[in-house]
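Below is one structure, written out as structure tokens, with a few remarks after it.
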Amino acid sequence: MAKYSIKYMCLLALLFIAAISKVYANDGYKLWLEYNKVTNTQLAAGYRQQLKYMIFPTASDQLKASKAELLTALDGMLTLKPADTKNIMSGQTVIIGTPQTLKAFSISVPDSIGTEGYLIKTTLIGQKKGIVIMANTDVGVMYGVFNFLKLIQTNQSINKLNISDHPRIMYRVLDHWDNLNRTVERGYAGSSIWNWHKLPGIVDQRYIDYARANASVGINGSVVNNVNADALILSPQYLLKVQALANVFRTYGIRIYLSVKFSSPVELGGLKTADPLDPAVKKWWADKADEIYHYIPDFGGFLVKANSEGQPGPQSYGRTHADGANMLADALAPHHGIVMWRAFVYDNKVPDDRFKQAYNEFKPFDGKFKDNVIIQVKNGPIDFQPREPFHPLFGAMPNTPLMMEFQLTQEYLGFSTHLVYEAPLFAECLQSDTYTHGRGSTVARVVKGDFNRKLITGMAGVANIGTDLNWCGHPFAQANWYAFGRMAWSPDQSSAVIAGDWLRMTFTNDENFVSPVKSFMLQSRENTVNYMTPLGLHHIMGVSTHYGPGPWVDNAGRPDWNATYYHRADSAGIGFDRTTSGSNALSQYAPEVKANWENLQTCPDEYLLWFHRLSWTYKMRSGRSLWDELVHHYYIGADSVKQMGLTWDKMQGKIDAERFTEVKQLMEVQLNEATTWRDACVLYFQTFSKMPVGAAYPKPEHPLDYYKKLKFYYVPGIGGNNYMTN
Ligand code: BDP
């Protein structure tokens, strides 16, 4: 008790300091676009010297917005207002433009940077030195400006610049699982930022800041409503609201997309069927597309969840996924829109391992989809678990565009109270070798379209954004939005570099902060795997809410929503046999991958129980028994959260008190929850292994029954009224 009250008083004191020190208070709203003062005076003087004048034509809204961003940022970081000029002043001018505007200075823009790329270069213009930010299009200029600003935000030299970059992926999209009643499915950061009731009349500043943040990392698409879609979104009333958002997004190079319900022709159009081969249905969708493009000329297209978790789809009418997707594709094609058709399908009536079902359903249709259809595939075969092997569809459909779907919102990663930097999870998947086109055919290369240049390419991130002041619930969850944008732009980028940039832009350039915090960020996802699902365990969370541990769940609405379906623990052992002797899911991978994971000598510990069912006494590489190894992982997982907290404590004073205190409290919550995961899982699995837990480990605070009986009310993320929960 005494310990508690001291802790409590310390927190109160911190909150008090945070409240009175207004100058340092920071609610995190500005994300990585803080534009903090450059504190290194020499560096700042150098920047000021080089940025005295600016030539920046503002012919379009995009160019105007880019210029405004540049001016705000330079004012914030350097208290500098570069003078507008028409002439080059020696070593002091930044010229920004596209081929048309740069012609006057005899500067040509290379075709190689493409339509969205940019080039930032220190160069002689005539006799004088200056910096040129150039692109072939206005949106390319915007990306160039944001990346130029990043150099200053991260305190890099701008003396001899020669930076050329372009996106490797065409469609870089955020998927919002936002319902029209403003709940967010699997959202942990407040309500939906789309205030549908007040739209189209009220255009919230948040929409603009959202679009700016996206543009700053190269995100160029936004699906604004839940994949478990409400047909109403296609009604004229809602299309006017969508149009108002599209008008904001356009300035920042972002196209708007909608999730559509396959049965909309029935629900909204009053037709008797939504059969994709029915001429009246085809006409309904074609007319609807015309109507949408009338409101939004640059509308991006549709995202569809069909015949999945209770959603209607073409199979409801005896048709195939290809029939459904192609029908919608035909409706959008005259307007250059695309269909993102999800491969997240599984059915408990299909008597096969859930792991295998998406592959079985989609692989036969390789090459059968229209050019403007892209199949959106989750990174792993089950469902965004803390660790999954890559989805076997990657590389298996060489004649079909496959779009990566990552989940930024932390449905299975501790919601918004756990610090989990997801870039290492993205990178692990993207750098996995599919071997489908020989050694080195990484998932990233498949997604980039390296093996079939004719295909469109894309990457989607299920957004973690809501109305919380700091957008994402946890200050560090912003890093996942940021990292997603960076990796969608260039999937081979390093998680460490991205974390470093994000920390500098969001908090401070102080190396004593950046270095230790970056290292725990990089470790954070592994920590969570350890305290939740080590050694290849998966899908053992609480039923429906997906909050907290639930390895005992065996009575969910469907067998394939039960934890016991996945871990299969009994007195003989634990794990899902997906080798030839089991479900043979491994046969869906290239022979090299199958051989590697099927063989116990080569299968990494990380994937062990994904593919193998082993006895509790099975001897691991470490020399420990499987049971001891499992226990070890659970304990180091929870302990690493404690270590992270101790490192964070040392950061006090290096950043603003408000965010410091918030993160400190979050880490305490995370430690409690990690400990609960550890104790509940170890106690539960021990009922089967019947083996002891080493005496050196702290004992669980409660018996197993306590954890099993815990009930959580009003858990965020499941408040919608328009979807199934699993
Ligand atoms: C699962 C979520 C569910 C989503 C589904 C999906 O639990 O709420 O609707 O994925 O991706 O992870 O469609």
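The values are calculated or read from the model by the stated rules, or taken from the named source; none is laboratory data. On a predicted model such as this, the values are computed, not experimentally measured, just so you know. Reconstructed Cβ throughout: ideal geometry from the backbone, glycine too, with neighbour counts over all protein chains shown. Heavy atoms of the whole protein, side chains included, go into the accessibility calculation; ligands, DNA and RNA do not. Shrake-Rupley method; radii C 1.70, N 1.55, O 1.52, S 1.80 Å.
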Consider only pairs whose beta carbons are under 9 Å apart and that are at least six residues apart or on different chains; among these, list those whose first residue lies in segment 175-202 and is farther than 20 Å from GLN478 by Cα and in a loop (DSSP other than H, G, I, E, B) and whose second residue is within 12 Å of the ligand (Cβ to nearest atom) and of a type in the set (Ser, Thr, Tyr). ASN179/TYR723
Segment 37-46, residues that are farther than 16 Å from ILE131 by Cβ and surrounded by fewer than 17 Cβ atoms within 10 Å (Cβ to Cβ): LYS37, THR39, ASN40, THR41, GLN42, ALA45
Just to check your reading of the model, which residue among TYR707, TYR684, TYR713 is more than 16 Å from the ligand (Cβ to nearest atom), part of a loop (DSSP other than H, G, I, E, B) and more than 19 Å from SER640 (Cβ to Cβ)? TYR713
Failed item, numbered, when GLY557 is tested on (1) open to solvent by less than 10 Å² (accessible area, probe 1.4 Å); (2) under 30 Å from GLY310 (Cα atoms): (1)
Take segment 302-316 and flag every residue that is within 13 Å of GLN376 (Cα to Cα) and outside any loop (DSSP other than H, G, I, E, B). PHE302, LEU303, VAL304
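Does TYR252 satisfy the condition of being farther than 20 Å from ASP290 by Cβ, modelled with pLDDT of 95 or more and more than 16 Å from the ligand (Cβ to nearest atom)? Lay out the reasoning, then the answer.
Details: farther than 20 Å from ASP290 by Cβ: yes; modelled with pLDDT of 95 or more: yes; more than 16 Å from the ligand (Cβ to nearest atom): yes.
For TYR252, the condition - farther than 20 Å from ASP290 by Cβ, modelled with pLDDT of 95 or more and more than 16 Å from the ligand (Cβ to nearest atom) - is met.
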Within segment 204-243, can you find the residues that are part of a loop (DSSP other than H, G, I, E, B), touching a Gly at 6+ places or on another chain (Cβ under 9 Å) and within 19 Å of GLY458 (Cα to Cα)? VAL217, GLY218, ILE219, ASN220, ASN226
Say whether the condition of being modelled with pLDDT of 95 or more, open to solvent by less than 30 Å² (accessible area, probe 1.4 Å) and in contact with a strand residue (DSSP E or B) (Cβ under 9 Å, 6 or more places away or on another chain) is met by at least one residue in segment 702-724. yes
Wholly enclosed strands (runs of 3 or more DSSP E) of segment 326-422 bearing at least 3 residues touching an Asp or Glu at 6+ places or on another chain (Cβ under 8 Å) and within 15 Å of the ligand (Cβ to nearest atom): 373-378
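Would you point out which residue out of TYR210, TYR143, TYR188 is assigned by TED's automatic domain parsing to the domain that holds THR79 and among the aromatic types (Phe, Trp, Tyr)?
Values: TYR210 fails: assigned by TED's automatic domain parsing to the domain that holds THR79; TYR188 fails: assigned by TED's automatic domain parsing to the domain that holds THR79.
Testing whether each residue is assigned by TED's automatic domain parsing to the domain that holds THR79 and among the aromatic types (Phe, Trp, Tyr) leaves just TYR143.
I'd like the residue in segment 170-183 that is under 26 Å from ILE133 (Cβ atoms) and under 15 Å from the mean Cα position of the chain (by Cα) and, out of all such residues, is most open to solvent (accessible area, probe 1.4 Å). Steps first, please.
Here is the first cut: in segment 170-183, the residues under 26 Å from ILE133 (Cβ atoms) are 170-174.
Filter again for under 15 Å from the mean Cα position of the chain (by Cα), leaving 171-174.
Working: TYR171: 47, ARG172: 0, VAL173: 0, LEU174: 1 Å².
The extreme case among them is TYR171.
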Take segment 482-534 and flag every residue that is closer than 30 Å to TYR634 by Cα, more than 19 Å from the chain's Cα centre (by Cα) and of a type in the set (Phe, Trp, Tyr). PHE513, PHE520, TYR531
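Take the residues of segment 47-63 that are in a helix (DSSP H, G or I) and without any contact (Cβ under 8 Å) to a residue 60 or more places away in the chain: which is surrounded by the most Cβ atoms within 10 Å (Cβ to Cβ)?
To start, the set of residues in segment 47-63 that are in a helix (DSSP H, G or I) comprises 47-50, 61-63.
Now restrict to residues that are without any contact (Cβ under 8 Å) to a residue 60 or more places away in the chain: 48-49.
Numbers: ARG48: 16, GLN49: 10.
Residue satisfying both the conditions and the ranking: ARG48.
Going through ALA479, ALA488 one at a time, which residue ends up being without any contact (Cβ under 8 Å) to a residue 60 or more places away in the chain and either touching a strand residue (DSSP E or B) at 6+ places or on another chain (Cβ under 9 Å) or under 25 Å from GLU668 (Cα atoms) (or both)?
Result of the check over ALA479, ALA488: ALA479.
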Is it true that some residue in segment 428-435 is surrounded by fewer than 20 Cβ atoms within 10 Å (Cβ to Cβ), within 16 Å of the ligand (Cβ to nearest atom) and touching a residue at least 60 places away in the same chain (Cβ under 8 Å)? no
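Considering only residues of segment 467-520 that are among the hydrophobic types (A, V, I, L, M, F, W, C) and closer than 18 Å to GLN652 by Cβ, which is surrounded by the fewest Cβ atoms within 10 Å (Cβ to Cβ)?
Let us first name the residues in segment 467-520 that are among the hydrophobic types (A, V, I, L, M, F, W, C), namely 469, 471-472, 476-477, 479, 481, 483-484, 487-489, 496-499, 502-503, 505, 507, 513-514, 517, 520.
Then keep just the ones that are closer than 18 Å to GLN652 by Cβ; that gives 476, 503, 507, 513-514, 517, 520.
On the way: PHE476: 27, LEU503: 23, PHE507: 23, PHE513: 18, VAL514: 20, VAL517: 25, PHE520: 21.
Among those that are among the hydrophobic types (A, V, I, L, M, F, W, C) and closer than 18 Å to GLN652 by Cβ, it is PHE513.
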Which residues, counting only those in segment 216-243, are more than 16 Å from the ligand (Cβ to nearest atom), crowded, with 21+ Cβ neighbours inside 10 Å and of a type in the set (Gly, Ala, Ser)? SER216, GLY218, GLY221, SER222
Picking from VAL223, VAL281, VAL266, the residue that is hydrophobic (A, V, I, L, M, F, W, C), in the same structural domain as ARG342 (by TED's automatic domain parsing) and within 24 Å of the chain's Cα centre (by Cα) would be VAL223
Note on SER90: of the conditions (1) modelled with pLDDT under 90; (2) on the phi > 0 side of the Ramachandran plot, unmet is (2)
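Do we have VAL109 as assigned by TED's automatic domain parsing to the domain that holds MET134, part of a loop (DSSP other than H, G, I, E, B), in contact with a strand residue (DSSP E or B) (Cβ under 6 Å, 6 or more places away or on another chain) and buried (at least 20 other Cβ atoms within 10 Å of the Cβ) here? Can you show your working first?
Working: assigned by TED's automatic domain parsing to the domain that holds MET134: yes; part of a loop (DSSP other than H, G, I, E, B): yes; in contact with a strand residue (DSSP E or B) (Cβ under 6 Å, 6 or more places away or on another chain): yes; buried (at least 20 other Cβ atoms within 10 Å of the Cβ): yes.
Answer is yes for this residue.
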Could you please find all residues in segment 654-674 being without any contact (Cβ under 8 Å) to a residue 60 or more places away in the chain and either not acidic (Asp, Glu) or not in a helix (DSSP H, G or I) (or both)? LEU671, ASN672
